[in-house]
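What follows is a set of notes on a single structure, which appears directly below.
The values are calculated or read from the model by the stated rules, or taken from the named source; none is laboratory data. On a predicted model such as this, the values are computed, not experimentally measured, just so you know. Here the Cβ positions follow ideal geometry from the backbone for every residue, glycine too, while neighbour counts run over all protein chains shown.
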Amino acid sequence: MRLAPRIPFKRVIYVKCRNGWLKASGEDISLFGVKFSLERWEECEDKDWVKLRIKFNGSEATLNGKIYRKENSIRGVVLFNEDDSFLSKTVGRIITTRIKDSRTCPYCKSQVNDDDDVECPNCHMPLDFTKVDLIKALRRIKLGDILSGKVPDLIKGQICQEEKVEFIGTCDCMKKVFDLIRKYALTDYPVLILGETGTGKELTAKAIHEKSPRRNGPFIAINCAAIPKELLEAELFGYEKGAFTGADKQKRGKIEVADGGTLFLDEVGELPLELQAKLLRFLEDLSFERVGGTDRIRANVRVIAATNRNLEELVEKGLFREDLYYRLKVLTIELPPLRERGDDVIVMAKYFLEKFTREQGKEILGFTDDALELIKSYQWPGNVRELINTIRKAIVLTDKKYIDSGDLDIDVEKLSKDISGKGIFNLKEHVEKLERELVEKAFRITGGNISRMASMLGVSRPTIYKLMEKYGLL
Ligand SMILES: Nc1ncnc2c1ncn2[C@@H]1O[C@H](COP(=O)(O)OP(=O)(O)O)[C@@H](O)[C@H]1O
Ligand SMILES: [Mg+2]
């Protein structure tokens, strides 16, 4: 992924040469350099360094640069050799104005709503390149940093959203999920994703989008539970100027921004009833009205909804419209809780350990057996999200080469309240495990001789019979 956006720049650029200024034709420009064609490169004053004159927004700037690469005899790239403050006022301004004019995010290509948006409403990448700090931050990032996950905090969260995230699943139930993702991606119907918090509902929605023909369009997420009821309608459907106090200009909603792509409605169970009706209407013919507007606007959007609530129950209580429920539930994906995914929890724990260790630049080699056992037996009520946070924290806090169970911040209280009652501290389970091991050992050594086993283990012959029966040795 390109961090400093490059935009087309088909303008005349003047390049200083021995006999004055030569005319070159620009191709594209980024904060750090410009690409252009020049017929007479050989006339440039110096082989490496050049001066460029570039017009921007009516005025002109002279920039020093270093020839980075000549692609062929005419086309070349010059890297600017100017300080960031100067770049922000010249090239930064050109790029920012161009983005505003095109109303397109240079990173994810989704539409940008407002002139004064400083970040993309979809991918949250910054859009105002007149800020010196931003240029500084972008300059510090190297490709190696991105690959190894060491991206400065300033824009790290935003970049993570752009990266392809690994979707881990080896158990049969996750294989079924992956199969459904592939199949659903080929259709344009709404999808309903069900699952406890942290099971990967948003990840699943993104995966469907990525595999669908809409993959080059925007993926817009909105969390119905996180936005106050009164604002949700305007957020979703947009509003016209004057629709309510403070609506001093028209604003497009998430549905419009998602045009050509996918809209992810997280926590759809929290959608107020009035908005459920409006959403249903939208799903019927893909048209809607902005708040305060009368025109029906069309948006080519695929809706994916998710919830951790029991929608059927909400329908029974009259909190969720039955017709909307039926409309959404045609294509459903149920994400199993992490505790039901067998060894996936171990696979994931190892994966995240390696990933975050690299990120934090620490030297941690793995988990102890103890830690793995705890990870396996814990119920993970917060699912993958909780696993990620626990491992991240353990890596930060430990001074050891191997993470042990004490490094894992797992609430033992919670553990003992596990639904199945079978946690790592379950005495009966541990005693039985040891008992089985000893009985089997004695069985092997004595060749199954009851008397010798009895004296070896210090119990009576009838007890040996019982134990052998219990562990399937008879
Ligand atoms: N199977 C998986 N493999 C890798 N990462 C996962 C998996 N499932 C979830 N995650 C990660 O766990 C976190 C929570 O997932 P998310 O999709 O936000 O869950 P939900 O929306 O169900 O609460 C995210 O960081 C996500 O990338
Ligand atoms: Mg979520």
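Of these, 157, 149, 144, which one is touching a Phe, Trp or Tyr at 6+ places or on another chain (Cβ under 9 Å), more than 10 Å from ligand 1 (Cβ to nearest atom), small (Gly, Ala, Ser) and at pLDDT below 90?
Answer to the selection: 149.
What pairs come up if the first residue lies in segment 345-359 and is assigned by TED's automatic domain parsing to the domain that holds residue 380 and at negative phi, the second is near ligand 1 (Cβ under 10 Å from one of its atoms) and basic (Lys, Arg), and their beta carbons are under 8 Å apart, counting only those six or more places apart or on different chains?
none
Among the residues in segment 365-377, are any within 16 Å of ligand 1 (Cβ to nearest atom) and under 26 Å from the mean Cα position of the chain (by Cα)? If you could, list the steps in order and put the result at the bottom.
Let us first name the residues in segment 365-377 that are within 16 Å of ligand 1 (Cβ to nearest atom), namely 375.
Retained after the next criterion (residues that are under 26 Å from the mean Cα position of the chain (by Cα)): 375.
Yes, that holds for at least one residue.
Any idea which residue in segment 282-308 is farthest from ligand 2 (Cβ to nearest atom), counting only those that are closer than 22 Å to residue 187 by Cβ and among the basic types (Lys, Arg)?
It comes out as 298.
Would you point out which residue out of 279, 273 is outside the structural domain of residue 383 (by TED's automatic domain parsing), among the hydrophobic types (A, V, I, L, M, F, W, C), within 29 Å of the chain's Cα centre (by Cα) and away from ligand 2 (no atom under 16 Å from the Cβ)?
So the residue among 279, 273 that is outside the structural domain of residue 383 (by TED's automatic domain parsing), among the hydrophobic types (A, V, I, L, M, F, W, C), within 29 Å of the chain's Cα centre (by Cα) and away from ligand 2 (no atom under 16 Å from the Cβ) is 279.
State whether one or more residues within segment 192-206 are away from ligand 1 (no atom under 14 Å from the Cβ) and either outside the structural domain of residue 108 (by TED's automatic domain parsing) or at pLDDT 90 or above (or both).
No, the conditions are met nowhere in segment 192-206.
Out of all the residues in segment 207-225, which are away from ligand 1 (no atom under 12 Å from the Cβ), surrounded by fewer than 19 Cβ atoms within 10 Å (Cβ to Cβ) and in contact (Cβ under 8 Å) with a residue 40 or more places away in the chain?
Within segment 207-225, 210, 216 qualify.
Which one of 225, 221 is in the same structural domain as residue 288 (by TED's automatic domain parsing), part of a loop (DSSP other than H, G, I, E, B) and among the hydrophobic types (A, V, I, L, M, F, W, C)?
225
Would you confirm whether or not segment 207-223 contains a residue that is within 15 Å of the chain's Cα centre (by Cα), charged (D, E, K, R) and within 14 Å of ligand 2 (Cβ to nearest atom)?
No, every residue in segment 207-223 fails to be within 15 Å of the chain's Cα centre (by Cα), charged (D, E, K, R) and within 14 Å of ligand 2 (Cβ to nearest atom).
Restricted to segment 164-181, and to residues that are within 19 Å of the chain's Cα centre (by Cα) and more than 10 Å from ligand 1 (Cβ to nearest atom), which residue is modelled with the highest pLDDT?
Residue satisfying both the conditions and the ranking: 181.
Hey, any hits in segment 96-109 for a residue that's within 14 Å of residue 32 (Cα to Cα), in the same structural domain as residue 31 (by TED's automatic domain parsing) and in contact with a strand residue (DSSP E or B) (Cβ under 7 Å, 6 or more places away or on another chain)?
So far as segment 96-109 goes, no, none of its residues is within 14 Å of residue 32 (Cα to Cα), in the same structural domain as residue 31 (by TED's automatic domain parsing) and in contact with a strand residue (DSSP E or B) (Cβ under 7 Å, 6 or more places away or on another chain).
Being more than 18 Å from residue 5 (Cβ to Cβ) and either aromatic (Phe, Trp, Tyr) or assigned to a strand (DSSP E or B) (or both) is the filter here, so list the residues in segment 69-95 that pass it.
Passing the criteria: 69, 70, 75, 76, 86.
Only one of 338, 397 is surrounded by 17 or more Cβ atoms within 10 Å (Cβ to Cβ) and out of contact with any strand residue (DSSP E or B) (no Cβ under 8 Å at 6 or more places or on another chain); which?
338
Taking into account only those residues within segment 274-313 that are crowded, with 21+ Cβ neighbours inside 10 Å and of a type in the set (Val, Ile, Thr), which is nearest to residue 247 (Cα to Cα)?
301
Restricting to segment 221-276, count the residues that are under 21 Å from residue 319 (Cβ atoms) and polar (S, T, N, Q).
Selection size over segment 221-276: 2.
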